[in-house]
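Following: one structure in C-alpha cells, then a few remarks.
What follows draws every value from the coordinates through simple rules; no lab data is involved. Keep in mind it's a predicted model, so treat the numbers as computed, not measured. Note: ideal-geometry Cβ built from the backbone for every residue, glycine included; neighbour counts use all protein chains shown.
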Amino acid sequence: MRLTEADGKALLRHHGIAVPRGAMWGAPDAPPAGMMKAQLLEGGRGKRGLIRRFAASDGAAVAALLPEPYAEEAVAFTREIYLALMMDGTAQSLVLLASPDGGMEVESAAAPIRLVLDTDAPDATERAYAALRGGFDTSLAARLARYALRLARVMRAEALDFLEINPLAVTAEGTLVALDCKATRDDCAALPEPALSARLEDAALTPLEREARARGFAMVELPGTVALVTAGAGLGMLMVDLLGDAGAPAACFMDNIQGHAEDTTEARLDIAFRLAERPEVKAIAFHTTLASRPLKGRVEALAAMLERRPAPKPLVAGFAAAGAALMGFDADAARTRLAALGVTLLDDPRAVARAAAAHTK
C-alpha cells in the first residue's frame, strides 16, 4: 500500500522523527498559515502546482483548489537533502540512498550514494558514516548515519518496504526535518490501514483490480502485451522481469492476499482471459510453482477453464512442482491432461516467457 504524505508523516511523528506541524485542512489543529499540499499517491506535486503557500486570510480559497488538502507550518532551512531506504527484493537487503542535492530537481542531480545497510551489524552506523562522507561534511555525515538507522527501525516497526524523505531539511540550528515523505507498506502487514491512504488506494483501482481483490487476490494492470497468471509475489516479479527481457512486457501482475486460504486459480484465469480480449494484449502466460498444494488442482482448474471457454489469445503454460505437490498426479499426467487441450506444459520459466513473447511479434 502506498501511503499519502500525511499518513507517512504521522508514522514518522509517532516514532519521534521531526516533521512540520500539520493536519488535514479543516481539522482543529491545522495551522492557519504555511504550506498547503494536495494528498495524492503519486509524486510531482510541486511541478503540477499542487503545493502552495497560504496565509491565514486565503487558506480556504487555496484549499478549495487542491484535492485532499493538507496544511502544515512552513519550516525555514539552509539546505535540502535526499534520503531514502528501500528493500532490494533480489538481494533481500535494505539499501540506503542519499544525495546532497534534494528537492524537486533530484532526478537531474548526480547519482546518489548507495549503501547496502545491515542494520543488525554492530558497526552499521560506522559503515553508513563512511559511505556518507563521500557527499557530506563530517558532522552532517555522522548525523545522517544515525538518522538513517532510525528510519530503518521505523521501516521494520511499520512493515514498510520503501521510505523516501525528499527533501530532508537541515535548519540553521542543525535539526533534520522531514519536509515530505513517500512510503509504501507491505500489503501482507497485519497493521491498521491509514484511512486516507486506503481510501485513495481504493479509488485508484481499475474495475478489474477491484474485482480481483473482491475475489481473493491482488492484481495490478500494466501497459503490456502478455496477460500473466501467477501466484505469489516472488514468482510474479520473476515472470514480469523475464517477459520484459524477452521483449513482451506483462499486462498485469498478480499476488496473494494474506489470510485468504482458498485457491483462486479459476478467478485469476477468468480475469486474465478478459484482459486478453483487449487488442493490445497478444498472449496469455500461466505459470505456477508448488511445494505442497497439489499440482492436479492447478492443472484441472486451467483445463476446466479451457473446456468451458477457449483462450481469447495464444496461451503458454509452465510449472515447477515437487514433493507433496506431485502425489497422485505427476508431471507426465499434467502434460497429458493439457496436451489433450492443445497446450504444451513447459517446466522452465524462461521458456514460458520466450514462448509467450513469440506470440506478440
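Counting other beta carbons within 10 Å of each Cβ, put Ser108, Ser197, Ser99 in order, fewest first.
Ser108, Ser99, Ser197
Compute the helix-to-body angle for 349-358: its Cα long axis versus the longest principal axis of the chain, expressed 0 to 90° and rounded to tens.
So the inclination is approximately 80 degrees.
Give a quick list of trypsin sites (Lys or Arg not before Pro) in segment 13-86 that DSSP marks as loop, anything other than H, G, I, E or B, with at most 16 other Cβ atoms within 10 Å. Present the calculation step by step, with values, prior to reporting the outcome.
Values: sites: Arg13, Arg21, Lys37, Arg45, Lys47, Arg48, Arg52, Arg53, Arg79; in loops: Arg21, Arg45.
Sparse-neighbourhood loop trypsin sites (Lys or Arg not before Pro): Arg21.
Exactly which GluC sites (Glu not before Pro) in segment 251-352 are in a DSSP loop and have at most 15 other Cβ atoms within 10 Å?
When the GluC sites (Glu not before Pro) of segment 251-352 are filtered for loop state and at most 15 Cβ neighbours within 10 Å, Glu262, Glu277, Glu280 remain.
Counting helices only, and only those DSSP H runs with n ≥ 4, report the 222 nm mean residue ellipticity of the chain as the sum of -39,500 (n - 2.57) divided by its residues, in deg cm²/dmol to the nearest 500.
One gets -10000 deg cm²/dmol as the mean residue ellipticity at 222 nm.
Relative contact order for the chain: what is it in percent, counting Cα pairs under 8 Å that are at least 6 residues apart?
Relative contact order of the chain: 13 percent.
Between Glu280 and Ala60, what length in nm is gained on full extension when 0.36 nm per residue of separation is reduced by their alpha carbon distance?
Contour length minus Cα-Cα distance gives 74.7 nm.
With θ set to phi - 60° and the Karplus curve 6.51 cos²θ - 1.76 cosθ + 1.60, what are the ³J(HN,Hα) couplings of segment 268-281 in order, to the nearest whole Hz, using x for Gly and Pro?
5, 5, 4, 5, 5, 5, 5, 5, 6, 6, 6, x, 6, 8
Can you pull out the GluC sites (Glu not before Pro) in segment 82-165 whose DSSP state is coil and whose Cβ has at most 16 other Cβ atoms within 10 Å? Walk me through the numbers before you get to the answer.
On the way: sites: Glu105, Glu107, Glu126, Glu158, Glu164; in loops: Glu105.
When the GluC sites (Glu not before Pro) of segment 82-165 are filtered for loop state and at most 16 Cβ neighbours within 10 Å, Glu105 remain.
Contact order normalised by length for segment 79-185, with contacts defined as Cα pairs under 8 Å and 6 or more residues apart; what percent is it?
29 percent
Compute the signed sum of charges (Lys and Arg +1, Asp and Glu -1) over the other residues within less than 14 Å, Cβ to Cβ, of Tyr147.
Net of charged neighbours comes to +3.
Given a Förster distance of 51 Å, report the FRET efficiency between Ala159 and Ala340 from their Cβ-Cβ distance, rounded to the nearest 0.05.
Rounded to the nearest 0.05, the efficiency is 0.65.
To the nearest Å, what is the center-to-center distance of segment 209-271 and segment 4-32, using C-alpha atoms only?
Rounded to whole Å, the Cα centres lie 35 Å apart.
Of all beta bridges DSSP finds with both residues in the chain, what is the antiparallel percent, to the nearest 5?
Around 75 percent antiparallel, to the nearest 5.
Test of understanding: what is the full-extension gain from Arg21 to Thr175, defined as 0.36 nm times their sequence separation minus their Cα-Cα distance?
54.0 nm
Among Phe162, Phe136, which comes first, second and so on when ranked by fewest other beta-carbon atoms within 10 Å?
The fewest-first ordering by Cβ neighbours comes to Phe162, Phe136.
Return Tyr70, Tyr129 ranked ascending by Cβ neighbour count within 10 Å, so the fewest neighbours appear first.
Listing Tyr70, Tyr129 from fewest to most nearby Cβ atoms yields Tyr129, Tyr70.
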